[in-house]
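Have a look at the structure below, then the notes.
The values are calculated or read from the model by the stated rules, or taken from the named source; none is laboratory data. This is a predicted model, so every value here is computed, not measured. Backbone-built Cβ (ideal geometry, glycine too); neighbour counts: all protein chains shown.
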Amino acid sequence: MQKEAKSDSVLPLKTLLETGGGAPVCDNGKVSGYTKRIWWRGWIDRLGQAGQCPGVIVSRLILLVVCAASIGQAGWTQESRHDKPLLTGYKVIRNIPYAGTDNARQSLDLALPLKRASGKPLSVIAFIHGGAWRAGSKDGGLRRIRGFLNSGKYAGVSIGYRLSDEAKWPAQIHDCKAAIRWIKANAEKHGLDGGKIAVHGTSAGGHLVAMLGTSAGVKAMDGSVGPHTVHNTKVACVVDYFGPTNFLRMDDFESRIVHDAADSPESQLIGGQIQDNQRKTLTADPISYVSKEDSPFLIMHGTEDMAVPYNQSVILHSALKKADVPSALLTVTGGGHGVGGGVLDEYVQKFIDHHLLNKRAVFENITIPVSKTARR
């Protein structure tokens, strides 16, 4: 049975916003989209002021270039080293095409434990990376979830998807759903339980896993990517770290980004300024599809997140609870964008074990100081 977007779950959302934090702010201190700080300009200016002799200036510039090159080389070496999933005790199969194409973005990595805890099919934890839908890759995904795989009771998956400079919405969710269908279609081959898939994502990845949790059965969001369209896209549970949920309301709350701007991540994803393309933008909001059939959610967000306002998670959590969907919101006081680790990992492990391994646990809304996490 197909499920369609519910008009009463979207604008104006006044009743949901009443429970949220944050307050409208002016544009002071905000930037249009994501800007990069050109740190080297100040260095060159100071070098020019440091001496009047051209030889001194040139020599210092040469030194600067050499240092910068060394730093760049070190960064590249580190990136290449971390590019490989460092999983001991697992067979890792990389770059599996899930869409029937040779597009490297439409592929996934699969980690299978060499020593399984039992002879039963493995539940699956699938990670979806962030990067504002225009950066990042699947390559570090298995490293992000390796702490949850140590029991030998789970297989790990890291999902890639087309970025917004290559394809506009809804290509990203179509890719992720094609990956979920691939897991289900190949479950028997790899000894997996296709009915027990937890999805875990951060930032833009948090948005995509939230979409997986709320839009299963929505034809326009399920799409037809890949050869396994006979399989559904339902997932067992969702772990959402600070993902956007209602694009049109993001500028109502404090942020360093002007999300309504033409060059914002959200506008680039949609293919035009979000306020000028509200109908299409609403199709990208997880809250547009919330219904009682949705997957259970665990949501984490820091109150000082200046990239994705904290209220975005409050909005989603409120909509889920209103529809009687199991949802718990972990509020990290003082936490910024990228908060994670520490006690949050403990809650994620319990949540996944509860829904995939039937280890009973109770989940409630709690407030956690940022000092109890690994990332400030």
So which residues in segment 234-250 are assigned to a loop (DSSP other than H, G, I, E, B) and buried (at least 23 other Cβ atoms within 10 Å of the Cβ), if there are any at all? Val235, Phe242, Gly243, Pro244, Thr245, Asn246
Report yes if Gly205 is surrounded by fewer than 24 Cβ atoms within 10 Å (Cβ to Cβ) and either in contact with a strand residue (DSSP E or B) (Cβ under 8 Å, 6 or more places away or on another chain) or farther than 17 Å from Ala284 by Cβ (or both), otherwise no. no
Cβ-Cβ under 6 Å, sequence separation 6+ or interchain: first residue in segment 264-283 and in the same structural domain as Asp165 (by TED's automatic domain parsing) and surrounded by fewer than 23 Cβ atoms within 10 Å (Cβ to Cβ), partner in a helix (DSSP H, G or I) and modelled with pLDDT of 95 or more. Which pairs? Gln273/Ser267; Asn277/Ile270; Lys280/Ile270; Leu282/Ser288
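Any chance segment 92-110 includes a residue that's over 27 Å from Glu166 (Cβ atoms) and either out of contact with any helix residue (DSSP H, G or I) (no Cβ under 8 Å at 6 or more places or on another chain) or at pLDDT 95 or above (or both)? Outline the logic, then answer.
Here is the first cut: in segment 92-110, the residues over 27 Å from Glu166 (Cβ atoms) are none.
No, there is no match, as no residue in segment 92-110 is over 27 Å from Glu166 (Cβ atoms) and either out of contact with any helix residue (DSSP H, G or I) (no Cβ under 8 Å at 6 or more places or on another chain) or at pLDDT 95 or above (or both).
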For segment 133-179: of the residues being out of contact with any strand residue (DSSP E or B) (no Cβ under 9 Å at 6 or more places or on another chain) and aliphatic (A, V, I, L, M), which is surrounded by the most Cβ atoms within 10 Å (Cβ to Cβ)? Ala178
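When you look at Ser118, is it assigned to a loop (DSSP other than H, G, I, E, B) and either assigned by TED's automatic domain parsing to the domain that holds Leu356 or surrounded by 15 or more Cβ atoms within 10 Å (Cβ to Cβ) (or both), yes or no? Even if it seems obvious, please write down each step before you answer.
Working: assigned to a loop (DSSP other than H, G, I, E, B): yes; either assigned by TED's automatic domain parsing to the domain that holds Leu356 or surrounded by 15 or more Cβ atoms within 10 Å (Cβ to Cβ) (or both): yes.
Yes.
For segment 92-115, name all the residues that are part of a strand (DSSP E or B) and under 12 Å from Leu149 (Cβ atoms).
The first filter runs over segment 92-115 and keeps only residues part of a strand (DSSP E or B), leaving 92-97, 107-113.
The answer is Val92, Leu110, Ala111, Leu112, Pro113.
What about Lys189, is it without any contact (Cβ under 8 Å) to a residue 40 or more places away in the chain and within 27 Å of Leu357 (Cα to Cα)?
On the way: without any contact (Cβ under 8 Å) to a residue 40 or more places away in the chain: yes; within 27 Å of Leu357 (Cα to Cα): yes.
Yes.
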Those residues of segment 329-376 which are aliphatic (A, V, I, L, M) and closer than 25 Å to Asn150 by Cα, in sequence order: Leu330, Val339, Val343, Leu344, Val348, Ile352, Leu356, Leu357, Ala361, Val362, Ala374
Restricting to segment 134-148, what's the tally of residues that are in contact with a His (Cβ under 8 Å, 6 or more places away or on another chain) and either part of a loop (DSSP other than H, G, I, E, B) or hydroxyl-bearing (Ser, Thr, Tyr) (or both)? 2
Checking Ser164 against (1) within 23 Å of Gly217 (Cβ to Cβ); (2) of a type outside the set (Lys, Arg); (3) assigned to a loop (DSSP other than H, G, I, E, B); (4) in contact (Cβ under 8 Å) with a residue 60 or more places away in the chain: exactly one of these is not met. Which one? (1)
May I ask you to say which residue of Ser151, Ser224, Ser158 is within 24 Å of Tyr90 (Cβ to Cβ), in a loop (DSSP other than H, G, I, E, B), of a type outside the set (A, V, I, L, M, F, W, C) and assigned by TED's automatic domain parsing to the domain that holds Leu112? Ser151
Among the polar types (S, T, N, Q) and in contact with a Pro (Cβ under 9 Å, 6 or more places away or on another chain): which single residue out of Thr229, Thr233, Thr214 fits that description? Thr214
